[in-house]
1. With just the Cα atoms of region A:1-56, tell me how far they stretch along each of the three principal axes, in Å, largest first.
2. Looking at region A:45-74, which chymotrypsin sites (Phe, Trp or Tyr not before Pro) are DSSP coil and have at most 12 other C-beta atoms within 10 Å of their C-beta?
3. For B:N30, enumerate residues with amide H under 5 Å from its amide H, sequence gap 5+ or separate chain, H modeled in the peptide plane.
4. Taking A:K116 as the anchor, which lysines have their alpha carbon closer than 21 Å to its alpha carbon, excluding any fewer than eight residues away along the same chain?
5. What's the whole-number percent of alpha carbon pairs in the protein assembly as shown lying beyond 30 angstrom?
6. Which Rg and Dmax, in Å, describe the Cα atoms of chain A?
7. How big is the convex hull of the Cα atoms of chain B, per residue, in Å³?
8. Please state, to two decimals, what the Cα-based radius of gyration of region B:63-114 comes to when divided by 2.2 N^0.38 Å (N = residues).
Amino acid sequence: AQTVTQSQPEMSVQEAETVTLSCTYDTSESNYYLFWYKQPPSRQMILVIRQEAYKQQNATENRFSVNFQKAAKSFSLKISDSQLGDTAMYFCAFMKHGRGDNNDMRFGAGTRLTVKP
Amino acid sequence: DTGVSQDPRHKITKRGQNVTFRCDPISEHNRLYWYRQTLGQGPEFLTYFQNEAQLEKSRLLSDRFSAERPKGSFSTLEIQRTEQGDSAMYLCASSPRTGVEKLFFGSGTQLSVL
């Protein structure tokens, strides 16, 4: 079974600063996907960034980037130039590659990020 | 692309009553997922469909829970004889067929069991 662990329940950062959220996972699969989702107070889950495990290059999306360490099973999210609108719960998630069963997305417990003005 | 739609947004019910939620996925997404989320926790997987076939059910899904996707389009999640522990946000998500493994979420249905 795949598990996802986020060891930081809460974090805060000053506006315009950089913050890194940690995530580790456990799996025996070799081909999979990792995600960071953002959930603001509206509770709408929004995809922030996605990484394919077979790609060595770290994914980036504007101010968001990841540090993917496959051997260490680590997948951290870096937010640069933090903005007030980044305040939200952030969930790390794992999804196995495949077409059949056992192909659901598994989430960590989340990190509550507060961006302070 | 109108997004994943869930109805109702909020539901308040008394313990012991039955409730049904509806999810309309993004058109032509053939995978549909149901998750449950309690406050301060990550979403927990309940079940998922590929077209009309229910491919996986979590052990969290007791016999009081049933989900259907009869024509491979919209889905319903029914909870019979609700209990206070069923109070949670129920999230639906859809995903394209293959090669684009990512989920698009609806806004959820917030259930409160009194």
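1. 37, 22, 22
2. A:Y54
3. Residues meeting the amide H criterion: B:S95, B:R97.
4. A:K38, A:K78
5. On the way: 6567 of 26565 pairs.
Tail fraction, whole percent: 25.
6. Looking at chain A, its Cα Rg and Dmax stand at 13.9, 46 Å.
7. 96 Å³
8. Values: Rg = 13.4 Å, N = 52, 2.2 N^0.38 = 9.9 Å.
In units of the globular-protein estimate, region B:63-114 measures up at 1.36.
Quick note: the coordinates plus some simple rules give every number you see, no bench work behind them. What you see is a predicted model, and the numbers here were worked out from it, not measured in a lab. We place every Cβ from the backbone using ideal geometry, glycine too, and count neighbours over all the protein chains shown.
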